[in-house]
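Only one structure is covered here, and it is reproduced in the block below.
The values are calculated or read from the model by the stated rules, or taken from the named source; none is laboratory data. Here the structure is a predicted model, which means the values were calculated and not measured. Quick reminder, even Gly has a Cβ in these numbers, built from the backbone with ideal geometry, and neighbours come from all protein chains shown. Protein only, heavy atoms only, side chains kept; ligands, DNA and RNA dropped before computing areas. Shrake-Rupley method; radii C 1.70, N 1.55, O 1.52, S 1.80 Å.
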Amino acid sequence: MKYDTVLVLDFGGQYCHLIGRRIREFGVYSEVVPHDIKTEEIKRLNEKFNIKGVVLSGGPASVFGANAPKPDGKILDLGLPVLGLCYGHQLIAHMAGGKVGTAKKREYGATYVFIDKPIGVLKDLNKREKVWMSHGDTVFSVPKEYEVLAHTENSPVAAFRHKEKPIYGLQWHPEVVHTEKGMQMLSNFLFEVCQCKANWRMEDVIERMIEEVKAEVGEGKAIIALSGGIDSSVATVIAARAIGDRLTAVFVDHGFMRENEPEFVKNVFQGFKVNLVMVNARERFLKKLKGVVDPEEKRKIIGEEFIRVFEEEAAKAGAEYLIQGTIYPDRIESGFRKFSDKIKTHHNVAGLPTRIKFKKIVEPLRDLYKDEVRKVAKALGLPDEIVFRQPFPGPGLAVRVMGELTAEKIEIARKADKIVREEIEKSGLKRKLWQYFAILTDTKATGVKGDARAYGYVVAIRAVESREAMTATFARIPYTVLEKISTRITNEIPEVVRVVYDVTHKPPATIEWE
Ligand code: XMP
């Protein structure tokens, strides 16, 4: 079956992929394609899809710029519905012979738009709507075949349409949540203007990803670093479905995993008939880290050793291709990984650098957002423990044990982490929290246990709420839950005499302690 499809032409805007994703949320298939895609190519794509419309995305350029990205000049004559957003809006006006110029006053952020004609894309909207704008250029007038549908205080032509053809322009971004009726506008475009049928399901994306891995790897062999996190888990299952036992999934146990993690991963993936190699490299990592106390030094050593172990396995497996679970936010410049990178060296399995020359790196999840990956994971039959997992840093407990790493200290952190997880999960708070874990500080304190003086470790508890880890707030965990955690930790781990709760937001603190 061919899906009804809307193409998004990428003019470099930061919300470009979000447009595609919003369209897919309506059950209409969407692909982001280069802005200069030829109209012949669009016609050819009709063999595979049922192309129903085209969106011209926003972008940072001005239509007057020397290198302003332009679409194929015949794009407005294809007979297909076209929706220009922001830069796309200015572009259509400019191409059609309207007047575009520098805005007298830049509009940035939430703006009220006056809907003069609630028709087409603007059907069923109120006279005044809150929208999200961010533009330097403005459309001042449109040629006579077009009509103005909306204006703002500073933009006389904030929305327009062609009087006879299904061509629309909106100065604002309907795809971002700050545009209150944004979904209504997109829905109008898809179902009123393009007459799309919602015949695409998230599950279908799985078939396409499998086909892609098959096509890329051919008869070759591939390898993937499986961490047990959701992204690498999904990529592993997809790749295994595509190329069977020509895939080797490597799980490197560096010794800083949560309690029972290697066993858990092994069990889950046994059910998926994955060719899984478990590498116990615990001693090797600990040896390298002997005497090291500097957090960045620790991260660097763990990252390098990880790559070394992985390279050895890739050589053994004879793999020519590297599969990675990179997802869309990993790729955007402003993504949280980039942001955090400035603060600490992230070790990230999805972005594994390696000295081995692979024929190709294949990233089947590269266009998906996290919640889309979750849907795929569910559809693949991965268990909820994987689907709704809290993020876990690549270097694991090593960044949650302050100071020098010893087997004893890691074991204490592991036990404390298990107690925190169990109690938070019992309390029903789990889904509300971004992360919750224990830190073994390198401070010792005095206590009293069984009438006798005790001198032991201080464990800190961290629980945060966040949307994407760039910022976070400490969670207001009920005292009863904290009390349960504290009592269990001091009772069940004799080396610990004191438990404290971290009440710092990010910023200024980071989520992890090191
Ligand atoms: P910070 O501590 O920088 O963490 O506020 C932000 C998010 O990233 C996770 N984190 C990592 N993830 N490799 C990863 O894949 C790493 O080296 C790493 N360090 C921190 C952290 O758990 C939080 O979710």
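Details
- Alpha-carbon centroids, segment 94-116 and segment 118-183: separation in whole Å: 9 Å
- With the convex hull constructed from alpha-carbon coordinates only, the chain shows a mean projected area of 27.0 nm² over all directions.
- Shape category assigned to segment 1-42 from the gyration tensor of Cα positions, a/c cut at 1.5: oblate
- Sorted largest first by accessible area at a 1.4 angstrom probe radius, with every protein chain in place, the residues His178, His151 fall in the order His178, His151.
- Computed from phi, the 3J(HN,Hα) profile of segment 225-237 under the Karplus parametrisation 6.51, -1.76, 1.60 (θ = phi - 60°) reads 8, 9, 9, x, x, 5, 5, 5, 5, 5, 4, 5, 5 Hz, with x in place of Gly and Pro.
- For segment 101-222, the Kirkwood estimate of the hydrodynamic radius, built from every pair of different alpha carbons, is 16.6 Å.
- Ligands, DNA and RNA aside, Asp294 has an accessible area near 80 Å² when probed at 1.4 Å.
- Segment 450-514 versus segment 423-437: alpha-carbon centroid distance in Å: 13 Å
- Normalised contact order of the chain, rounded percent, pairs of Cα under 8 Å and 6 or more residues apart: 10 percent
- Between helix 370-380 and the chain: long-axis angle, C-alpha atoms, 0 to 90°, nearest 10: 80 degrees
- Largest to smallest accessible area among Phe310, Phe114 [probe 1.4 Å]: Phe114, Phe310
- Protection proxy ranking, peptides 158-171, 258-271, 73-86, average beta carbon neighbours within 10 Å, highest first: 158-171, 73-86, 258-271
- Fraction of accessible area attributable to carbon and sulfur, the chain (%, probe 1.4 Å): 51 percent
- Counting heavy atoms of the protein chains alone, Met257 has an accessible area of about 20 Å² for a 1.4 Å probe.
- The C-alpha atoms of the chain define a longest principal axis, and helix 16-25 lies at about 90 degrees to it.
- Contour excess over end-to-end distance, with Cα ends at Asp36 and Arg453 and 0.36 nm allotted per residue: 142.7 nm
- Surface per residue (accessible, 1.4 Å probe) for segment 1-139, Å²: 43 Å²
- Segment 205-295, relative contact order in percent, only Cα pairs under 8 angstrom and at least six apart counted: 27 percent
- Put Arg284, Arg201 in order of accessible area, highest first, and with a 1.4 Å probe you get Arg201, Arg284.
- Rounded tilt (10° steps) of 202-217 against the dominant C-alpha axis of the chain: 80 degrees
- The aspartates and glutamates whose alpha-carbon is closer than 19 Å to the alpha-carbon of Lys300, local same-chain residues fewer than 8 away aside, are Asp253, Glu283, Glu311, Glu312, Asp341, Glu404, Glu512, Glu514.
- With a cut-off of 11 Å on the backbone N, the residues of segment 1-37 near the modelled label site 7 Å out from Glu207 along Cα-Cβ are 1-3.
- Pairs from the table (Lys43/Lys357; Lys214/Lys375; Lys38/Lys123; Lys288/Lys484; Lys287/Lys506; Lys70/Lys378) lying more than 28 angstrom apart at Cα are Lys43/Lys357; Lys38/Lys123; Lys288/Lys484; Lys287/Lys506; Lys70/Lys378.
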